[in-house]
Amino acid sequence: TRTIDLATIPGDGIGPEVVAEAIAVLRAATAGEAEIATTEYPFSAAHYLATGAILTDDDLASLARHEAIVLGAVGGDPRDPKLAGGIIERGLLLRLRFAFDHYVNLRPTRLLPGVKSPLAAPGDVDFVVVREGTEGPYVGNGGAIRVGTPHEIANEVSVNTAYGVERVVRYAFELAERRRKKLTLVHKTNVLTNAGTLWSRLVRAEAANHPQVDWDYLHVDAATIFLVTDPARFDVIVTDNLFGDILTDLAGAISGGIGLAASGNINPDGAFPSMFEPVHGSAPDIAGQQKADPTAAILSTALLLDHLGLPDAARRIEAAVAADLAERGTASRTTSQVGAAITARVSAH
Ligand code: NAD
Ligand code: IPM
Ligand code: MN
C-alpha cells in the first residue's frame, strides 16, 4: 500500500481539536488503500509566544519534503500586543501560501440535504470559489509614513501580475469545464480600474479557449447580493485574494455555517506541497471546550485526497459527512463526538 507522508500544523485555538478528528477520518477513509504517516509541527501563535520563532527557512525546507500539509488554524488572542498586526497570520499562514506558491485557494460551497441555511429559499447551492492565493493586497507591498501624526499615510498596494492572474483564471475555466460550465469573474472594475482591466482582459482571453463555458462578470458588492438572494446561480467564481476571502466566509454562512467550509491551498503544478485547512480561524471564543465543528477540517481532507489522486476515498469522506449532516438535527455534540460519528460512517463503508 501507498504511504502518504503528511505534515500537520494543528496551530492555535480550535485548530488542534479539529485536526485530530480530520486525521482520524482520513485514516479510516484510506484504510487498506494507503497508510497515513503524519509529522506534527508546532508552528502557531502559542509556539511563537513560547519560543520567539514563527517559521524559519529550515522549517519551510522540512515542510517541503512532505506530500501535503494539513493545517488547523493559527492566530492567538487578538488583544495580545505581542501578536499585533497579524504577525502570525503573515509570518506563518501567508508565508506558507506564498513560499509554496499556493496560487489556487479552492473553496467549495454546497448546501447539503438536511443542513439549515439562514436563507429562506436558498435553492440548489453548489459552487466553488477559486480565490487567487499569492497576490492582491496580501503580498505586504505597502508602508506607512508620518506614523502617529494627523498626516499619517498608510498604503497597502494590491499586486496583480499578468502571470499570476492568467494562471488562476486558466485553472478556474478548466474547473468550470468539469462542472456546470459557468464562470463568474468577481471584481470591482468600476473603481479598481488597473487591476480590474487586467483581470477582465485575461478572463476574456481565456474564455476564447473554453467556448463551452458561459461566463459573466459581477462587481463584488453585487456579488454579495446574489450570494444571499440567489446563490444557486453560481458555479465557479474566480476572484482576487481579498474578495475571495470575504466571499468565502459569506459562502460558509449561507451553506450551514463556517464550521462546514473546507479549503485547499493548491499548487497545481505539484512543485510544492499543497495545504488543506478549514476556512475558519482559531475561534478563541470557543477554543478548548470541544465546541468546534470539525466538519470543515474533515471535508478539507477530502480535497487533499482528490489532490493526491485518491478520489474514491475523498468521495467516502464526503458521503460520510453528508450522511452525518442529514441526521445531525439540533442535538449538541462535542468535537470528538462529531469526528467519531463520521469516522464510524467512513469505516462502515
Ligand atoms: P474565526 O473563524 O476563528 O471565528 C469566527 C466565528 O466563527 C467565531 O464565533 C467562532 O466561534 C466561529 N467558528 C469558527 N470556526 C468554527 C467551528 N469549526 N465550529 C463552530 N464555530 C466556529 O474568525 P476570527 O474570530 O475572525 O479569527 C480568529 C483568529 O483566527 C484570528 O487570529 C484570525 O487571524 C485567525 N484566522 C486564521 C485562519 C487560518 O488559520 N486559516 C483563518 C481565519 C482566521
Ligand atoms: C482565511 C483567513 C486568512 C486570509 C487570514 C487569517 C490571513 O481569513 O484563510 O480565510 O485572510 O486568507
Ligand atoms: Mn478568511
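The values are calculated or read from the model by the stated rules, or taken from the named source; none is laboratory data. The shown structure was predicted, so the numbers you read here are calculated from the model rather than taken from an experiment. Virtual Cβ from ideal backbone geometry, glycine too; neighbours counted across all protein chains shown.
A few notes on this one:
So that you can scan it fast, the table gives a plain yes or no per residue for (1) free of Cβ contacts under 8 Å to residues at least 40 places away in the same chain; (2) more than 24 Å from the chain's Cα centre (by Cα):
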position: Tyr163; (1), (2): yes, no
position: Leu175; (1), (2): no, no
position: Ala195; (1), (2): no, no
position: Val203; (1), (2): yes, no
position: His210; (1), (2): yes, yes
position: Val213; (1), (2): no, yes
position: Val220; (1), (2): yes, no
position: Val228; (1), (2): no, no
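- Scanning the range 48-80 for residues that are more than 12 Å from ligand 2 (Cβ to nearest atom), farther than 19 Å from Leu304 by Cβ and outside any helix (DSSP H, G or I) yields Gly52, Ala53, Ile54, Leu55, Thr56, Asp77, Arg79, Asp80.
- Filter result for the condition that a residue is under 16 Å from the mean Cα position of the chain (by Cα) and either within 14 Å of ligand 1 (Cβ to nearest atom) or hydroxyl-bearing (Ser, Thr, Tyr) (or both), over Gly86, Gly75, Gly91: Gly75
- Boolean, Ala323 is part of a helix (DSSP H, G or I) and either crowded, with 20+ Cβ neighbours inside 10 Å or in contact (Cβ under 8 Å) with a residue 24 or more places away in the chain (or both): no
- Taking the range 1-42 as the range and being in a loop (DSSP other than H, G, I, E, B) and either free of Cβ contacts under 8 Å to residues at least 40 places away in the same chain or crowded, with 21+ Cβ neighbours inside 10 Å (or both) as the test, the residues that pass are Thr1, Asp12, Gly13, Ile14, Gly32, Tyr41, Pro42.
- Residue within the range 81-100 that is buried (at least 22 other Cβ atoms within 10 Å of the Cβ) and assigned to a loop (DSSP other than H, G, I, E, B) present: yes
- Ala348 meets each of the listed conditions (1) among the hydrophobic types (A, V, I, L, M, F, W, C); (2) loosely packed, with under 14 Cβ neighbours inside 10 Å; (3) touching a residue at least 60 places away in the same chain (Cβ under 8 Å) apart from (3).
- The C-beta contact set for the range 286-303 (first residue touching a residue at least 12 places away in the same chain (Cβ under 8 Å) and more than 12 Å from Leu260 (Cα to Cα), second residue part of a helix (DSSP H, G or I) and hydroxyl-bearing (Ser, Thr, Tyr), distance under 6 angstrom, 6+ apart or interchain) comprises Gln290/Thr335.
- Taking the listed residues Val139, Val128, Val147, the one that is within 17 Å of the chain's Cα centre (by Cα) and of a type in the set (A, V, I, L, M) is Val128, with no other qualifying.
- Scanning the range 1-23 for residues that are within 18 Å of the chain's Cα centre (by Cα) and of a type in the set (S, T, N, Q) returns a single hit, Thr8.
- Count of residues meeting criterion [farther than 22 Å from Ala223 by Cβ, among the aliphatic types (A, V, I, L, M) and touching a strand residue (DSSP E or B) at 6+ places or on another chain (Cβ under 9 Å)] in the range 108-158: 7
- Check on Asp221, under 28 Å from Gly123 (Cα atoms), within 16 Å of ligand 2 (Cβ to nearest atom) and charged (D, E, K, R): no
- The range 232-283 - residue that is aromatic (Phe, Trp, Tyr) and either more than 15 Å from ligand 2 (Cβ to nearest atom) or in a helix (DSSP H, G or I) (or both) and, of those, nearest to Glu177 (Cα to Cα): Phe234
- Filter result for Arg90 (more than 16 Å from ligand 3 (Cβ to nearest atom), modelled with pLDDT of 95 or more and not β-branched (Val, Ile, Thr)): no
- Of the residues making up the range 268-285, at least one is over 29 Å from Ala31 (Cβ atoms), within 14 Å of ligand 1 (Cβ to nearest atom) and surrounded by fewer than 19 Cβ atoms within 10 Å (Cβ to Cβ).
- Residue-level check: of (1) within 16 Å of ligand 3 (Cβ to nearest atom); (2) surrounded by 18 or more Cβ atoms within 10 Å (Cβ to Cβ); (3) free of Cβ contacts under 8 Å to residues at least 60 places away in the same chain, Thr224 misses just (2).
- Given (1) farther than 24 Å from Val346 by Cα; (2) surrounded by 17 or more Cβ atoms within 10 Å (Cβ to Cβ), number of the condition Ser300 does not satisfy: (1)
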